[in-house]
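Scroll down for the structure; my scribbles are underneath it.
What follows draws every value from the coordinates through simple rules; no lab data is involved. Keep in mind that what you see is a predicted model, and the values were worked out from it rather than measured. Reconstructed Cβ throughout: ideal geometry from the backbone, glycine too, with neighbour counts over all protein chains shown.
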Amino acid sequence: MFSLDIFEMNLGFWGTIVGLFMHLIPSFVLIIILIFAWRYEWLGGVVFILAGVFYMTMLLLNSSFEWYMLSWIAIISGPAILIGILWFLSWTKRTNKGKRKKR
């Protein structure tokens, strides 16, 4: 969805392929983090929350900040932070469950 605007630029076949790849680099990075987060849930919590906070910070520090950009923060940073919180909840539930079984 984030990379579909590349088709409006009429870059030709290889230009479009390179443009799609460049637009999808953040998605590829988050997929790699997701693969590691399945094993280490705390890592998923930390990285997804940091990704949401990073996007929010970069947008707020933009010198031409407008009020409508708050909706961008809610749409992009909100789910990332929520996913990070869910990873932390999963991790704490799993670690507490392991401690109860040892007793």
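Overview of results
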{"read-out": "Residue identified as surrounded by 13 or more Cβ atoms within 10 Å (Cβ to Cβ) and either in contact with a helix residue (DSSP H, G or I) (Cβ under 8 Å, 6 or more places away or on another chain) or part of a helix (DSSP H, G or I) (or both) among 31, 49", "value": "49"}
{"read-out": "Breaking point among (1) of a type outside the set (Phe, Trp, Tyr); (2) over 30 Å from residue 95 (Cα atoms); (3) surrounded by 12 or more Cβ atoms within 10 Å (Cβ to Cβ), for residue 80", "value": "(2)"}
{"read-out": "Qualifying residues in the stretch 61-77 (those that are part of a helix (DSSP H, G or I) and touching a helix residue (DSSP H, G or I) at 6+ places or on another chain (Cβ under 8 Å)) - the one surrounded by the most Cβ atoms within 10 Å (Cβ to Cβ)", "value": "77"}
{"read-out": "Residues (among the hydroxyl-bearing types (Ser, Thr, Tyr), more than 13 Å from the chain's Cα centre (by Cα) and under 17 Å from residue 26 (Cβ atoms)) located in the stretch 55-102", "value": "57"}
